[in-house]
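Single-structure report; data block below.
The values are calculated or read from the model by the stated rules, or taken from the named source; none is laboratory data. The shown structure was predicted, so the numbers you read here are calculated from the model rather than taken from an experiment. Cβ sites come from the backbone with ideal geometry, for glycine too, and all protein chains shown count toward neighbours. These accessible areas exclude ligands, DNA and RNA; they are computed on the full protein's heavy atoms, side chains included. Shrake-Rupley method; radii C 1.70, N 1.55, O 1.52, S 1.80 Å.
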Amino acid sequence: MEKYVNLKIADGTDMEAYIAIPADAAGRNAPGLILLQEAFGVNHHIRDVADRFAVKGYVVIAPELFHRSAPPYYEGNYANFQEVMPHIQALTVEGNEADLVAAYHWLKHFELVNPANIFSIGYCMGGRVSFLANATLPLSAGVSYYGGGIKPLADRAVSVSGRHLFFWGGLDKHIGQDQIDTIIGAMDAAGKEYINVKISYADHAFACDERPAYNENATKEAWALTLAFFENNMR
């Protein structure tokens, strides 16, 4: 069942967020998950991913990070990256942090969520924001799938609260090895625990089954590791 909540952000803006709730959730036992969008909005693919995690028992919230520049329920066109560029360029670290705090607050106080087990995961642009989430919020763990533009956040590694899982595509021409080396080097320097996975035969956006780069084997393997990683970091 599709459902949205409206969140009040500290800067005075409003943000819609898609939520997915496990059918059999009861009490305050479910883990919470902040799901962070690609550059194309909280579209059908992101909502579908949210629903998949809900089937696995997670209460999921997917905030619309473009809410300051795009109308509610905005969905970009995968075939027209230029269309979404103004919304990407309008994002700020401060705005992302405010949005993350609001999403975390909603999960923490939701009646079905165990506040000790809140995670983040993000894809593409959202992979970068998921790393920021782990450095901003008291998360149990975070996951970043091919997080582009993550290099400027390397100095945030010292603030990372939970373990972090990174996925990269070996065929990805959008994210250079320098970005990977910089963020992993920063995690090492900060003494943070992480898993760093490069799938040599996968491209950027390999986990999106609505894009040409989709790789079924890589997605299944990454999904299994993601679920195991979250399970191992439950408190």
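Among the residues of the stretch 16-31, is any within 21 Å of Phe167 (Cα to Cα) and either at pLDDT below 95 or open to solvent by less than 10 Å² (accessible area, probe 1.4 Å) (or both)? Checking the stretch 16-31: not a single residue is within 21 Å of Phe167 (Cα to Cα) and either at pLDDT below 95 or open to solvent by less than 10 Å² (accessible area, probe 1.4 Å) (or both). Checked against the criterion of being among the hydroxyl-bearing types (Ser, Thr, Tyr) and open to solvent by 10 Å² or more (accessible area, probe 1.4 Å), the candidates Ser120, Ser130, Ser69 yield just one match: Ser69. Pairs are defined by a Cβ separation below 8 Å, a sequence spacing of at least 6 or placement on different chains, a first member in the stretch 211-235 that is more than 25 Å from Pro138 (Cβ to Cβ), and a second member that is surrounded by 18 or more Cβ atoms within 10 Å (Cβ to Cβ) and charged (D, E, K, R); the pairs so defined are Ala213/Asp203; Asn215/Asp203.
Candidates in the stretch 39-55 are the residues that are open to solvent by 10 Å² or more (accessible area, probe 1.4 Å) and in contact (Cβ under 8 Å) with a residue 40 or more places away in the chain; of these, the one that is nearest to the chain's Cα centre (by Cα) is Arg47.
Between a first residue in the stretch 93-106 that is within 11 Å of Leu132 (Cβ to Cβ) and a second residue that is of a type in the set (Gly, Ala, Ser) and open to solvent by less than 40 Å² (accessible area, probe 1.4 Å), which pairs have beta carbons less than 7 Å apart while being 6 or more apart in sequence or on different chains? Filtered contacts from the stretch 93-106: Leu100/Ala133.
Is at least one residue of the stretch 142-159 over 28 Å from Phe81 (Cα atoms) and either of a type in the set (Val, Ile, Thr) or assigned to a strand (DSSP E or B) (or both)? For the stretch 142-159, residues over 28 Å from Phe81 (Cα atoms) and either of a type in the set (Val, Ile, Thr) or assigned to a strand (DSSP E or B) (or both): present. Please find, within the stretch 102-113, the residue that is nearest to Gly191 (Cα to Cα) out of those that are open to solvent by less than 40 Å² (accessible area, probe 1.4 Å) and not in a loop (DSSP other than H, G, I, E, B). Among those residues, the one meeting the criterion is Tyr104.
Considering only residues that are surrounded by fewer than 17 Cβ atoms within 10 Å (Cβ to Cβ) and not small (Gly, Ala, Ser), which ones fall in the stretch 198-219? Lys198, Tyr201, Asp209, Glu210, Pro212, Tyr214, Glu216, Asn217, listed by residue number.
Can you pull out the residues in the stretch 160-169 that are within 14 Å of Ala190 (Cα to Cα) and either among the aliphatic types (A, V, I, L, M) or not in a strand (DSSP E or B) (or both)? Working first, answer last.
Here is the first cut: in the stretch 160-169, the ones within 14 Å of Ala190 (Cα to Cα) are 160-164.
Selection gives Val160, Ser161, Gly162.
Among the residues making up the stretch 80-101, those that are open to solvent by 50 Å² or more (accessible area, probe 1.4 Å) and within 17 Å of the chain's Cα centre (by Cα) are Thr92, Glu94, Val101.
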